[in-house]
1. For the subset of the range 204-257 comprising residues that are among the small types (Gly, Ala, Ser) and within 21 Å of residue 168 (Cα to Cα), which member is farthest from the chain's Cα centre (by Cα)?
2. What pairs can you find where one residue is in the range 137-166 and free of Cβ contacts under 8 Å to residues at least 60 places away in the same chain, the other is in a helix (DSSP H, G or I), and their Cβ atoms are less than 8 Å apart, with a gap of 6+ or different chains?
3. List every residue pair whose Cβ atoms sit under 7 Å apart, with the two residues 6 or more apart in sequence or on different chains, where the first one lies in the range 222-238 and is within 16 Å of residue 52 (Cα to Cα) and the second, anywhere, is surrounded by 10 or more Cβ atoms within 10 Å (Cβ to Cβ) and among the basic types (Lys, Arg).
4. Scanning the range 171-202 for residues that are hydrophobic (A, V, I, L, M, F, W, C), in contact (Cβ under 8 Å) with a residue 24 or more places away in the chain and part of a loop (DSSP other than H, G, I, E, B), which turns out farthest from residue 36 (Cα to Cα)?
5. Within the range 206-228, is there a residue that is assigned to a helix (DSSP H, G or I) and touching a Pro at 6+ places or on another chain (Cβ under 6 Å)?
6. Step by step: first the residues of the range 144-165, then only those that are in a strand (DSSP E or B), within 22 Å of residue 60 (Cα to Cα) and of a type in the set (A, V, I, L, M, F, W, C), then the one that is nearest to the chain's Cα centre (by Cα). Which residue is that?
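Taken together, the values in this text are just the output of simple stated rules run on the coordinates, not laboratory data. Predicted model, so just to flag it, every value in this text is computed and none were measured. Because the Cβ atoms are built from the backbone with ideal geometry, glycine has one as well, and the counts that use them run over all protein chains shown.
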Amino acid sequence: MGHNGLMSATPEKYVDTASSPRFNDYDRMAEGYTTENETSLTNAYYERPAMLELAGNVSGRRILDAGCGSGPLFSELRNRGAIVTGVDASAGMLEQARQRLGPDADLQVADLANPLPFPDEAFDDVIASLVLHYLEDWGPTLAELRRVLKPGGRLLVSVHHPFGITLMQHMAGEKFKYFETCSRTDEWTRGGQTVQMRFWDRPLHAMTEAFTAAGFRISVISEPPFVPEARELFPEELREITGTRFLSFLFFVLEAS
């Protein structure tokens, strides 16, 4: 369940955390978020295609979709022959996933900040799509994801691009904070519902150190292009982009050592 995060000349709106007691309320905006996610540039024509490209041939592989949201990646992986289990902290988003995937889909409410309800070495792959940036401390979560992976299994991750976040903050007139791990708040409106969102930003070295400390070997760090048809579908959003890439998300393929 990720931020539709194309970095542009318009900085995000920052909100005062003291006046926002509830953050990341996906239950409240589940339907509106799902609708937008289906066709948005950064989700439908950038992040999901990139993640599926990195996953490659998944036929017969047992995959945990960690933070599955309304299930678009779950659906694509299942169509490619994977045996998929989805977890998400939001019951509202899982209801959207159930409508998409049918009653037999393996979907469970689970918060990635807590222990996962699976035995050791239960999965060949884990996909954490646009979810780790909601967590202040990656250590316990990565340890759990490593635990449920078979030796040699893969963890595929996408997160906000740390340089893009720093550039966005610079354009908003904020001080340079790239090397800090700190919270950032934003205000989203989806389907008429306005929700306060909190993210945790960290520099690249903090990400890679967390991965290796949890027992992962970094196989790929990717800054992929958007899909070619996006240029015609989103001419205004991509008007100032001369190539096939923009600053939005950063992708990793990690191997459980």
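1. Kept after step one, since they are among the small types (Gly, Ala, Ser), are these residues of the range 204-257: 206, 210, 213-215, 219, 222, 230, 243, 248, 256-257.
Of the ones still in play, those that are also within 21 Å of residue 168 (Cα to Cα) are 206, 222, 243, 248.
Working: 206: 17, 222: 14, 243: 24, 248: 11 Å.
Ranking the candidates gives 243 first.
2. From the range 137-166, the pairs are 141/132.
3. From the range 222-238, the pairs are 223/245; 225/245.
4. Residues of the range 171-202 that are hydrophobic (A, V, I, L, M, F, W, C), as a first pass: 171-172, 176, 179, 182, 188, 195, 197, 199-200.
Adding the requirement that they be in contact (Cβ under 8 Å) with a residue 24 or more places away in the chain leaves 171-172, 179, 188, 195, 197, 199-200.
Of the ones still in play, those that are also part of a loop (DSSP other than H, G, I, E, B) are 172, 179.
Numbers: 172: 25, 179: 32 Å.
The residue in question is 179.
5. Going residue by residue through the range 206-228, those that are assigned to a helix (DSSP H, G or I) are 206-213.
Cutting the leftovers down to touching a Pro at 6+ places or on another chain (Cβ under 6 Å) gives us none.
Within the range 206-228, none of the residues are assigned to a helix (DSSP H, G or I) and touching a Pro at 6+ places or on another chain (Cβ under 6 Å).
6. Looking only at the range 144-165, we keep the residues that are in a strand (DSSP E or B), and these are 149-160.
Still in the running and within 22 Å of residue 60 (Cα to Cα): 149-157.
So of that shortlist, the ones also of a type in the set (A, V, I, L, M, F, W, C) come out as 149, 155-157.
On the way: 149: 19, 155: 13, 156: 10, 157: 7 Å.
Per the stated criteria, the residue is 157.
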